[in-house]
Structure formats: C-alpha cells, structure tokens
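Contents: one structure, followed by commentary.
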2 protein chains.
Amino acid sequence: MTMFSRFTPLLDQLPATVPFVGPEAIERNRGLAVKARIGANESGFGPAPSVIRAIADAAADTWKYADPENFELKQALAAHLGCRPENLAIGEGIDSLLGHIARMVIEPGTPVVTSLGAYPTFNFHVVGHGGRLVTTPYVNDREDLDGLLDLVRRDNAPLVYFANPDNPMGSWWDADSVVAFARALPASCLLILDEAYCETAPARTTPPVDALLDLPNVMRTRTFSKAYGLAGARVGYVIAAEGNAKAFDKIRHHFGMARVSVAAALAALKDQAYLAEAIAAIGRSREKIAAIAAANGLAALPSATNFVAVDCGRDGTYARAIVDGLMEHGVFIRMPGVAPLNRCIRISAGRPEDMALLEEALPQVLKRLA
Amino acid sequence: MTMFSRFTPLLDQLPATVPFVGPEAIERNRGLAVKARIGANESGFGPAPSVIRAIADAAADTWKYADPENFELKQALAAHLGCRPENLAIGEGIDSLLGHIARMVIEPGTPVVTSLGAYPTFNFHVVGHGGRLVTTPYVNDREDLDGLLDLVRRDNAPLVYFANPDNPMGSWWDADSVVAFARALPASCLLILDEAYCETAPARTTPPVDALLDLPNVMRTRTFSKAYGLAGARVGYVIAAEGNAKAFDKIRHHFGMARVSVAAALAALKDQAYLAEAIAAIGRSREKIAAIAAANGLAALPSATNFVAVDCGRDGTYARAIVDGLMEHGVFIRMPGVAPLNRCIRISAGRPEDMALLEEALPQVLKRLA
C-alpha cells in the first residue's frame, strides 16, 4: 500500500486500530444479523419521543453550522447541573473529549495511569499521543483507588483515568471515596473522572457537582450517549474549573457539533420525566439479565450502569466462545479485554424483546459449549 | 482563573481562540438579529427535501452509534466518485480532517506552507500542533502555485495547503495546473488539496478523481457542508492513496460521526437532481451579488464557490465597517482577514429574500460611510 513517506515517527509506529468493532462490521464479517443490540451500552429504550421530534424539527436547519460557542447548551446544562456555563466544555462525545485531554497533557513518554482493563478508547488516545500507559489491576472487580494513587505518586504521572461507575465491570465507589481520592492526588496530576454512567448509579455514588469544582486538577466527563439514549448524536461534556474548561478552546473543533445533535441534547435535558422512565427501565433490565444469568448458573455482578457484567466462571476463551455463540443467535454483546475481567461477558440493558432473545439463546450456547 | 498546572508547554503557549465567530455570538454580543445569514458559506437553499426526510426518518435510531467503519457511506461515495472505498477516509467535516492531517505530519517546529490569508482553521491546527506557518501572498487574488512550490522547496516542508477553488477569494486554477502543481511537489511534501467548493466550480477546475490517486503525497478534502447544504451535519471526507486513507485509523475518532448525519449524507448523494438545482441557484445568487455590488460601485470578483468576494476598493478598515454596518441591518457577512485580501467583503450565496435584504441594506451602509 502506498503511503506518504514523511508522517511523524510517532504516527509511523502506531497500529491502525478500531478500539471497538461495531455490530455492523460483525454482521458484515460473519454474515449474521443483529437482532438484539445489547453489546455497546447503548440504550435500546431510545431517546425520548420529545427528543425524536426535536431532531425532526431541527432537520431543515441542518444547512446551518451549530453555534461554535455552544451557548444555549452550556446555559441549559449549567442550570441543570448547578454550575456556571464557564465550568463546561462541550464535545462530540466523551471519546472526543478524552482525545483532547490526552493532547493537552501528554508528550512522548508521559506516564499515564489507568486500571488494567479499563476503557480502551482512553488508552487509544494515550498511545496515540505517545504516552506510556501505567496500569494497576482491578481489585474485587473494582478499580483500585489506592493502587491508582500509588502509581501516580511513583511515576509522578500528570494524568490518571478513573471511571465511576466503571466500564466494563459496572462496579462503583461511593461519592465520599471518590472525593477523598481526588483530594489525595497531587496537584500535578489531572484526574479524568469519567461519569458516563452516572445517571444509572445508586444515590451517593456521584459526588455533587460543586464538590470538586474547586480542584483545578479534576475534569469530569459526561455524556448523552447512555441513559439519555443518544449515542448516535455524539454529545458529551466536561465539568471542570473555569480555566480548564476554557483550555479546550485552544485545540477543540469549534464547529464539531452536529446541529441536530445539539437540538437533541437540549430536548433531552428538558424531558427529565422520560429520563426517569428510562433509568427505571434500565434497572428492570439489569434485574432481568441477573435472573437470566442465574437461571443458567452464571453470576451477574452488581451494576451501577446500563449494562451487567456476568461472571462465566472460567477464562477469557470460554467467555469469548459465549460472546461468539450468542452472536450466532443474533444477540450482540461484548466482553472485557483483559484477565481476570475477561472471565465475564458484558450485556447491555435492553428492551423486553432483547431480553427474550438473550433468554432463549444463552442456554443453547452454554449447552453447546458444555 | 484556576487551571491545571501541568498542561504541555505547547498548550500553555497557545491562545484560546475561535477561528470564526459564529452569527449566534454576534447576535448575542451586539444585540442584533441575523435576518440574512450569508456570511459562513452555508447554503440557504438547504439540503434536499429528501435529505430532511432522511434525517427525520433516522431520528428514532439515534440511540445507536454510527458504524465506526462508515462502510455504507464509503461504498456510496466510492461509487459516486469512481474510486475504491479504500481510498476514502470519513470525518466530522473537513475541519476535523485537517486537524487529523496536521497531527499526522506536524511536530514542534515543522514548517507548513500555505497562502497568506488562506483558511484560518488550517492555520489553527498547524499552530495547535506546534508547526511553523510559512506563507506566500496571493497573486491577483489567486493562490500562487509557484510561490507555494518555492516555499516547499526552500524550507523542505512536509505539508502544504492549497484550496481549489479558494476560500476566501472564490478564485480557482484549472485542473491541469493543479495536477502539474501536485506532480511538481517533492514526494516528501504532502499536499492537502481542499476541494470544499468543488461542486460549484466551472468544468475542468477539479482534476478527475483518478488523476491524483497514484500520488501518495496528495490528500483531497471534500464536504457535504457547502453545495449539499449540510454544514450542520459535519460530514467531510478525504480522497487519497489507500495507505494514507488507512492511516487515519491510527488516530481518528472511530465513533465520531453522528448517525443522522451519515443518513443525511447518504440521502444527499442519492439526490443529485437536487444538487444540480442547488448549484444552479447558487450560480444565480452569485450573479445577483455581482449585480448588487456593481449597482453600488463595487467590483465582484469572479467566483467558483458558493460565495462572492466583493472588492470595496479601499482598506480593511473600510471593509470591516461595511461588514459591521450590514450586520446592523441583520445582514451577516464576513471578510478576509489579511491585506490586501481584506479590501474585500465575502458574501455567501443566498435565497432571493437574503439577496433582497442585502440589496436594501448595502447602499444605506455605503451612504453612511461616505
């Protein structure tokens, strides 16, 4: 394959990767149809009907760029969160914001601390900027706050990633522990506190917004992709000290937001009644997944997210066989990438019809593997 | 303002900027309402009715991420363009793709060649990656191909930017000259050939797709933002040698595309009859802008784009006064940022009602300035 001869040495050494293979690619590559799309932690309950209407209403205005200052969305988010618009940065999903933060902090060789098996897309950005990943294992399927702190201190790392609740395990820490962790970090280390799944977490999991706003070394990332059911819209945001939020203006894509996506996010924020319904439906689906797991002799882990990690009791090869086997029945799920987490499969909350397909397929897959 | 203390030295030295202030910000800052939105080279003719329907139809599916491989859109674009899907990279508008290319080539201090007064967002990305801008002036309001080539050779630059047709002047080179320029470049220099406005250019302005595909040092950027009327959707693409297209997978945001935007782009590609109508309407509007200019003693420059640069015959201060004065009448336009180009104002093609507002306001503004 011909390629330009003078890309940066860093680019030359990077692998071409897709952090997550999409269900569409699996369908194409394996000649299978996805019937239950419960693998990417999307929300099959969908966005609110009011949001779908807002997208349709905004469609004719798609000839206009979105407001590069995201003024209206920042105002609405600030009112909803109880912070100032100046504490917010908006981006095309958390993935994009993680990329920006990586670029803001990482130079070639910079040590970056995360948990072994945590969010691969963050790792993709770290490596993509020449950073050096330093990891500590999960303890009892939970990210290890003491372990993260020790690594930060040992390597004098300027960046640490911690998701609460966690993906891929669904586990969580209480808000007090999170605040204590943030305050124990040296000021020279920026904490990315990824709260993509905060809406579905139990009370007192997510620290109040103002509990960390005084810390210039904390950035909290959130999204409309999960409980709000807007994964395809690409709307994420950062809550941070004003100076940090403003720093994104140095490198962000000012015209990166899709206009209908902004309209969708605004409508979603307004429809908190629907959000409450969706969260309740996700909770019921988590229970159903746990029941299906138990009926098949598998152990669902407690979850604060819109998915459930199910311990299949053996190794990653076995879990992979279950994932692949379910896909043959049209049930798309995923699994953690690293031992010992990869003894689990990861099933997203879904509609009753998705759960029915899972319930039908799982025993058949397990029987064939027995 | 509190800010994290350990951002990279590069980030610390960057200014916080917005390459273009949006019309919404102007409305807020000046307390004025935009009535004729003809400043951002959007298309007031809008996307096709079939595209608006496609967005509405896709709205309910916004709970799903878009296919990270962009398989369907690449297939459709390849069929439309007459290349292979492997020759394409998709991104959230050309701005985003320019950022990726900058990152792929630029290290601190890397010289990057462009024209003095050319696309500011490209410059934003160059500076944002620590590159050093090296510029040559426009000659007769056209980018100077010989001048660009000389600078590339002089500084052994690995990257050169050239837009054909040009923004902000609307000028263009014929396809043969473009091909000759690309082939004259050293293989060690990557040409970004920005063809954002190719749909509205005269015949034989844009080289055939296959005319440059054998060159591993050429990347052509295109967009659905201009003639297709989908600026708010954020869909751009790169046409390049296979190895170059694949290189984006090393750093791009795999889940960056909004799902309804992909649906919009697919529908837009299918509706070439509407595109032809839009191009004709843009052509009529260009003529109308020229006529309005002439009626006011100003000289419209020839344009191959969806906007017209109008020479106001004096300096940048005078042109700025016209831009600001028109905004007081609700007519939003922009102007080039650098002398001598900034003797001009830049007016986007618009609907008859937009042209009527311009026609009414311009003589009043000029009279007050006289």
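The values are calculated or read from the model by the stated rules, or taken from the named source; none is laboratory data. What you see is a predicted model, and the numbers here were worked out from it, not measured in a lab. As a convention, Cβ positions derive from the backbone with ideal geometry for all residues, glycine included, and neighbour counts pool all protein chains shown. The area values use the complete protein model at the heavy-atom level, side chains included, leaving out ligands, DNA and RNA. Shrake-Rupley method; radii C 1.70, N 1.55, O 1.52, S 1.80 Å.
Please report the antiparallel percentage of the DSSP beta bridges confined to the protein assembly as shown, to the nearest 5. So the antiparallel bridges in the protein assembly as shown amount to around 50 percent. For the pair A:A295 and B:E360, label points projected 7 Å from Cα toward Cβ lie 6.8 nm apart. This model, with +1 at the C-beta of Lys and Arg and -1 at the C-beta of Asp and Glu, gives the protein assembly as shown a dipole about its Cα centre of some 0 debye.
Placing a pseudo-label 7 Å from each Cα along the Cα-to-Cβ vector at B:V34 and A:H80 gives an inter-label distance of 2.4 nm.
Model label sites at A:V21 and B:D214, defined 7 Å from Cα along the beta-carbon direction, differ in position by 3.6 nm. Taken residue by residue and averaged, Cβ atoms of other chains lying within 10 Å of the Cβ of B:241-248 number 4. Distances from B:S177 to itself in the other copies, using label points 7 Å out along the Cα-Cβ axis, amount to 6.8 nm in increasing order.
Normalising the average separation of contacting C-alpha pairs (under 8 angstrom, six or more residues apart) by the number of residues puts the relative contact order of the range B:49-270 at 28 percent. Hydrodynamic estimate: the Kirkwood radius of the range A:49-270 over Cα pairs, inserted into Stokes-Einstein at 20 °C and 1.002 mPa s, corresponds to D of 121 µm²/s.
Gaussian network model of chain B, Cα springs within a sub-10 Å range: biggest mean-square fluctuation belongs to which of B:A102, B:A76, B:A48? Highest fluctuation of the listed residues: B:A76.
Here the Gaussian network model covers chain B, with springs between Cα atoms less than 10 Å apart; of B:I101, B:I38, B:I251, B:I251 fluctuates the most.
For the range A:64-155, the convex hull spanned by the alpha carbon atoms encloses 145 Å³ per residue. Note on the range A:49-270: with neighbouring protein chains present and a 1.4 Å probe, carbon and sulfur make up 51 percent of its accessible heavy-atom surface. Sorted from closest to farthest, the other copies place their A:N140 label points 7.8 nm away, with each point set 7 Å from Cα along Cα→Cβ. Counted residue by residue at 0.36 nm each, then reduced by the alpha carbon distance between them, the extension gain from B:L133 to B:T317 reaches 63.7 nm. Interface burial in the range B:214-239 reaches 20 Å² or more for B:P216, B:A231, B:G232, B:R234, comparing the full protein assembly with the chain by itself; accessible area from heavy atoms with a 1.4 Å probe.
Dipole size of the range A:49-270 about its Cα centre, with +1 on Lys/Arg Cβ and -1 on Asp/Glu Cβ: approximately 400 debye, rounded to the nearest 20. Taking the Cα atoms of the range A:173-287, the ratio Rg/Rh between the radius of gyration and the Kirkwood radius comes to 0.99. With label points defined 7 Å past Cα in the direction of Cβ, position A:A276 shows copy-to-copy spacings of 5.6 nm, given to one decimal and shortest first.
Among the listed pairs A:K226/A:K246; A:K35/B:K250; A:K64/B:K226; A:K74/A:K270, which have their C-alpha atoms separated by more than 19 angstrom in this model? From A:K226/A:K246; A:K35/B:K250; A:K64/B:K226; A:K74/A:K270, over 19 Å: A:K226/A:K246; A:K35/B:K250.
Using a 1.4 angstrom probe on protein heavy atoms only, the contact between B and A buries about 7800 square angstrom of accessible area, both sides summed.
Burial annotation for the range B:107-138: residues with an accessible-area loss of at least 50 Å² between the isolated chain and the complete set of protein chains, computed on heavy atoms with a 1.4 Å probe, are B:F124.
All C-alpha pair distances within chain A, sorted into 10 Å bins from zero, spread as 5, 23, 32, 27, 12, 1 percent across the bins.
Taking the chain by itself as reference, the range A:1-19 contains these residues with an accessible-area loss of 40 Å² or more in the full protein complex (1.4 Å probe, heavy atoms): A:M1, A:T2, A:M3, A:F4, A:R6, A:F7, A:T8, A:L11, A:A16, A:V18. Taking the three principal axes of the alpha carbon atoms in the protein assembly as shown, the coordinate ranges are 83, 50, 49 Å, sorted in descending order. Contact order, relative form, for chain B: 23 percent (alpha carbon pairs under 8 Å, 6 or more residues apart, mean separation divided by residue count). R0 = 45 Å: FRET efficiency of B:D57 with B:A280, Cβ-based, nearest 0.05? It comes to 0.95.
The base-10 log of I(q)/I(0) for the range A:151-216, evaluated at q = 0.11, 0.12, 0.15, 0.22 Å⁻¹, reads -0.25, -0.30, -0.47, -0.95 [Debye formula, identical scatterers on Cα atoms, solvent excluded]. For the range B:49-270, the per residue solvent-accessible surface stands at 30 Å², with DNA, RNA and ligands left out and a 1.4 Å probe.
By accessible area, using a 1.4 Å probe on protein heavy atoms only, the range B:297-350 has 51% of its surface on carbon and sulfur. With springs only between Cα atoms under 10 Å apart, run a GNM on chain A and tell me which of A:P216, A:P15, A:P49 wobbles the most. Maximum fluctuation in the GNM of chain A, among the listed residues, is at A:P15. With a cut-off of 12 Å between beta carbons, the residues surrounding A:G22 carry a summed charge of -1, where Lys and Arg count +1 and Asp and Glu -1.
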